[in-house]
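**Q** To start, I am sharing the structure in question, which I have written as structure tokens.
The values are calculated or read from the model by the stated rules, or taken from the named source; none is laboratory data. All figures in this text were calculated on a predicted structure; none of them were measured in a lab. Note that we place each Cβ from the backbone using ideal geometry, even for glycine, and neighbour counts take in every protein chain shown.
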Amino acid sequence: MLVDQTPLSPLPQATAMSVTDQVFDRLHTAIIALELPPGSKVSEADLANRFDVSRQPVRDAFFRLSQQGFLLIRPQRATLVTKISVSAVARAAFVRSALETACLADSIPRRTNADLAALDALIEQQHEAMQKADGVRFYELDETFHQLLCAISGHDDIWPLVSAQKSHMDRARRLSLPDNGPVAFQEHCEIVTALRQQDLGSAQAKLDAHLHSLFPLMDGIRAKNPEFFEDNT
């Protein structure tokens, strides 16, 4: 898939973010959302023209993305969006679980009725998205659910770290939806129940299982999308 086939629009003119940050964020989002699928070719010149910027911020964004493992920059050859690495997904899940289960430990004594009501509201919205088989909406609500769990712990600053670490999981997660929606939904319900009951052991165990629930699905995901994955185990 060539970059000129993707729905990437010009960047806004007025923003507090640097141009490089804008380009990075736009490309990172497109890669995670599979708008730029694994194996896609991307061009500095084409993107600079599309974003109406010079080539330097695009080049800098490419470098940052390559350092994170999302772009393969090849001298004198096309730059490619990397394919999904199962081992990178496993590493991301390990780090994410460590951070989020630690946050959950601090959420237990801090959670309020308002926090529980906010989680319940998200659960209801997730149910609606699942009923409509709206995988994009379910994914967005899933993000909000986990971000709120971090916020309840008092460690709002942890979520950016989680977001950065889980990126390699996110492309595979996108491919699992909406089929995996009912499982994820039930796991969210169980996590909220354990949090409401202030049962730390159960809450952490259920959250850890939830964050690793993608792996039993990986063979099926790869079978449906073999062109998106590296040839690894």
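**Q** I need the full set of residues from the stretch 186-232 which are more than 24 Å from Val95 (Cβ to Cβ) and of a type in the set (A, V, I, L, M, F, W, C), in order please.
**A** Matches in the stretch 186-232: Cys189, Ala223.
**Q** Contact list please: Cβ distance under 8 Å, first residue in the stretch 149-175 and in the same structural domain as Leu214 (by TED's automatic domain parsing), second residue outside any helix (DSSP H, G or I) and aromatic (Phe, Trp, Tyr), pairs at least six apart or on different chains.
**A** What qualifies is Ser167/Phe70.
**Q** For a quick check of your reading of the model, give me the residue pairs whose first member lies in the stretch 137-148 and is closer than 11 Å to Leu119 by Cβ and not assigned by TED's automatic domain parsing to the domain that holds Asp170, whose second is in a helix (DSSP H, G or I) and charged (D, E, K, R), with beta-carbon atoms closer than 7 Å and at least 6 apart or on different chains.
**A** So the pair list comes out empty.
**Q** Could I ask something else about it? Which of the numbered conditions does Lys132 fail, given that it passes all the others? Conditions: (1) among the basic types (Lys, Arg); (2) without any contact (Cβ under 8 Å) to a residue 24 or more places away in the chain; (3) surrounded by 14 or more Cβ atoms within 10 Å (Cβ to Cβ).
**A** Unmet for Lys132, out of (1) among the basic types (Lys, Arg); (2) without any contact (Cβ under 8 Å) to a residue 24 or more places away in the chain; (3) surrounded by 14 or more Cβ atoms within 10 Å (Cβ to Cβ): (3).
**Q** Do the conditions hold for Asp199, that is, is it among the charged types (D, E, K, R) and within 28 Å of Leu65 (Cα to Cα)?
**A** The answer is no for Asp199.
**Q** Right, another one. Do we have any residue at all in the stretch 162-175 that's more than 30 Å from Pro226 (Cα to Cα) and charged (D, E, K, R)?
**A** No, every residue in the stretch 162-175 fails to be more than 30 Å from Pro226 (Cα to Cα) and charged (D, E, K, R).
**Q** Can you work out which of the residues in the stretch 67-82 that are touching a helix residue (DSSP H, G or I) at 6+ places or on another chain (Cβ under 9 Å) and surrounded by fewer than 17 Cβ atoms within 10 Å (Cβ to Cβ) is farthest from Asp142 (Cα to Cα)?
**A** Filtering first and then ranking leaves Ile73.
**Q** Then there is this: Can you tell me which residues in the stretch 176-233 are among the basic types (Lys, Arg) and outside the structural domain of Arg91 (by TED's automatic domain parsing)?
**A** Selection gives nothing.
**Q** Assess whether Asp208 counts as being under 18 Å from the mean Cα position of the chain (by Cα) and assigned to a helix (DSSP H, G or I).
**A** yes
**Q** Just one of Asp52, Asp60 is farther than 26 Å from Val86 by Cβ, at pLDDT 95 or above and of a type outside the set (Lys, Arg); which is it?
**A** Asp60
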